[in-house]
Amino acid sequence: MEIMKAIIMLVVILVAFPLVMNGQETEYNVETESVSTHVDKILNGPINKEGLQQMPYKLWFNSNYKTYRVNTDLLKDAKKKNIKNLKILAFMGTWCHDSNREIPRLMRIMDDMGIGDQLELYALDVDKTSLKGKEKGFDIKNTPTIIFYLNGEEIKRVIEEPEGSFEEELVRILK
């Protein structure tokens, strides 16, 4: 009888473990209701390019991403640096016009540099909060807030828009 209980318990554990682990995977591009009067839904929590390329977000994302001309001359030297140690954490609002303009530009530059996977992107609601609470401890007051890390250390924040361009910011950061 004890052996039967042990076998049943083992089966329960083997079945339940993958279900529990699967529930811990990051869910991207979650839509929630908006309190803003000019949009019905917003993205909230971790997001990626695929989420921004869906309606209605693709209306502003695709046009800003595709039409932005990356200053490749300015980035020539930056591309030669050890850019693998650069990480970017960005908080944005799909309801925010500054985010709608700046985040596609930043993503275009990072894709051009071959480091698009080094961007971690979170969408916030109008109260600057997210479903996962990732923004806690980062003192986010405006969107977008883009935090640059080099070798794990925060070295720069761009709030709302860069001084000049993101290319100029990257050149300064990677000196």
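At q = 0.12, 0.16 Å⁻¹, work out log10 I(q)/I(0) for region 98-158 with the Debye formula, treating every Cα as an identical point scatterer and leaving solvent out; two decimals please. Result of the Debye calculation: -0.32, -0.57. Taking 7 Å steps out from each Cα toward its Cβ at Asn71 and Lys41 produces label points 3.8 nm apart. Across region 129-136, coupling constants 3J(HN,Hα) worked out from phi with the 6.51/-1.76/1.60 Karplus curve, θ = phi - 60°, read 10, 10, 4, 8, x, 4, 6, 4 Hz, and Gly and Pro carry x. Length available on full extension from Glu168 to Asn82: 0.36 nm per residue minus the Cα-Cα distance, which gives 29.3 nm.
Close amide H partners of Ile155, meaning residues 5 or more places away or on another chain with modelled amide H under 5 Å apart, are Phe148, Tyr149, Leu150.
Taking 0.36 nm per residue of separation and subtracting the current Cα-Cα distance, fully stretching the chain between Val126 and Asn142 would add 4.8 nm. FRET efficiency for the pair Lys58 and Gln118, taken as 1/(1 + (r/R0)^6) with r the Cβ-Cβ distance and R0 = 22 Å, rounds to 0.45.
Computed over region 27-173, the P(r) tail beyond 21 angstrom holds 40 percent of alpha carbon pairs.
Throughout, read-outs are computed from the coordinates displayed, never taken from laboratory work. What you see is a predicted model, and the numbers here were worked out from it, not measured in a lab. Backbone-built Cβ (ideal geometry, glycine too); neighbour counts: all protein chains shown.
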